[in-house]
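Encoded as structure tokens, the structure appears first; notes follow it.
The values are calculated or read from the model by the stated rules, or taken from the named source; none is laboratory data. Being a predicted model, the structure only gives us computed values, none of them experimental. Using ideal geometry, Cβ is built from the backbone for each residue, glycine included, and neighbour counts are taken over all protein chains shown.
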């Protein structure tokens, strides 16, 4: 199980330099409750939560670090809001490379601890990832430093790491195999646009090489980080930077990055943009856990959050085959889990008889 199953669709690399921790080949499950409640007959969730470090970014890291090793790289220098850093740290450890990460100020502590568990060295810069001016300066500085070190800056975006993003395109290759009868729409969460662009490009390549039908790929963003989705829906030709106000970890990318390419690729596929409120995302995160058994971080619930409005606007119909990408596991963001369970509690009982009395309305005993 690895992305290298699709070596004929990836950039060539020496077999001895192909790293894997078992990423990819993630489950595609049919919705049992949320889809029917919305009137969607064929809603599916692609569970990227089961990758080795808990997110789809393992696909990126497997390809990026493999190419890095193949080129003789001796250190991984990157930047992340969380999941990219965890993945790069893990695959760097596997390759025996030191990993240095610049992280955004609001990254959840759970993700930082995961990076450090793999041995990564972390540095946090104020307002990085939130303010586009600060973000530009940091990335420019990292790019300059990388040139001096004769290496690359690992950022999960086509703009900076096209080799690594080839690994993310394998999501499309798997979906085409898992639903060979065809997919009508794919909903993808977006920060800088890389994931959404990878999925659109993956299906475009399959269509070109194997005549696989292309689904409409939709870009979903929090309202507070509306760099791509709004302009796409409004008919504009380019994305726009913003000062990010969203609290959704992983999607706090006020800089355009892959946005212009993403906008164009989505529009060519027949997809459009959707913006969702943070509170609606938290609500959908709870529904996925309680109604589908899918435990994801808030960013992983963003794609499904767009479904009610997409149905109402006619962007999708009840009979369409719809796939939502669920990108990261719930353990990535403990604050979100606490929010989701804030009203839950459990009593301490004196004896088992008290327990049976407390739950008698939930069970039947003959």
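Of the residues in segment 17-60, how many are in contact with a strand residue (DSSP E or B) (Cβ under 8 Å, 6 or more places away or on another chain) and in a loop (DSSP other than H, G, I, E, B)?
Count: 6.
Go through segment 101-138 and give me each residue that's at pLDDT below 85 and within 18 Å of residue 76 (Cα to Cα).
Result: 104, single match.
So residue 61 ticks every box in (1) in the same structural domain as residue 312 (by TED's automatic domain parsing); (2) crowded, with 18+ Cβ neighbours inside 10 Å but one. Which box is left unticked?
Exception for residue 61: condition (1).
Could you tell me whether segment 87-103 includes any residue that is touching a residue at least 60 places away in the same chain (Cβ under 8 Å), in contact with a helix residue (DSSP H, G or I) (Cβ under 9 Å, 6 or more places away or on another chain), over 20 Å from residue 190 (Cβ atoms) and not in a helix (DSSP H, G or I)?
no
Within segment 300-338, take every residue that is assigned to a helix (DSSP H, G or I) and modelled with pLDDT under 95 and give me the one that is surrounded by the most Cβ atoms within 10 Å (Cβ to Cβ).
Filtering first and then ranking leaves 332.
Look at residue 173 and say whether it is assigned to a loop (DSSP other than H, G, I, E, B) and either assigned by TED's automatic domain parsing to the domain that holds residue 21 or touching a strand residue (DSSP E or B) at 6+ places or on another chain (Cβ under 9 Å) (or both).
Numbers: assigned to a loop (DSSP other than H, G, I, E, B): no; either assigned by TED's automatic domain parsing to the domain that holds residue 21 or touching a strand residue (DSSP E or B) at 6+ places or on another chain (Cβ under 9 Å) (or both): yes.
Here the answer is no, as residue 173 does not meet what is asked.
Mind checking which residues of segment 106-128 are within 15 Å of residue 333 (Cβ to Cβ), assigned to a loop (DSSP other than H, G, I, E, B) and touching a strand residue (DSSP E or B) at 6+ places or on another chain (Cβ under 8 Å)? Spell out how you get there, then give the answer.
So in segment 106-128, the residues within 15 Å of residue 333 (Cβ to Cβ) come out as 106-115.
Adding the requirement that they be assigned to a loop (DSSP other than H, G, I, E, B) leaves 106-108.
Selection gives 107 alone.
Are any residues in segment 216-230 touching a helix residue (DSSP H, G or I) at 6+ places or on another chain (Cβ under 9 Å), crowded, with 24+ Cβ neighbours inside 10 Å and more than 12 Å from residue 196 (Cβ to Cβ), and if so, which ones?
222
If you scan segment 267-282, which residues turn out to be free of Cβ contacts under 8 Å to residues at least 12 places away in the same chain and under 18 Å from residue 327 (Cα atoms)? I'd like the intermediate steps shown before the answer.
Pass one, segment 267-282, residues free of Cβ contacts under 8 Å to residues at least 12 places away in the same chain: 279.
Matches in segment 267-282: none.
Residues of segment 68-86 being surrounded by fewer than 24 Cβ atoms within 10 Å (Cβ to Cβ) and outside any strand (DSSP E or B), which ones? Reasoning before the result, please.
Initial filter on segment 68-86 (surrounded by fewer than 24 Cβ atoms within 10 Å (Cβ to Cβ)): 69-75, 77.
69, 70, 71, 72, 73, 74, 75 - these are the residues of segment 68-86 that are surrounded by fewer than 24 Cβ atoms within 10 Å (Cβ to Cβ) and outside any strand (DSSP E or B).
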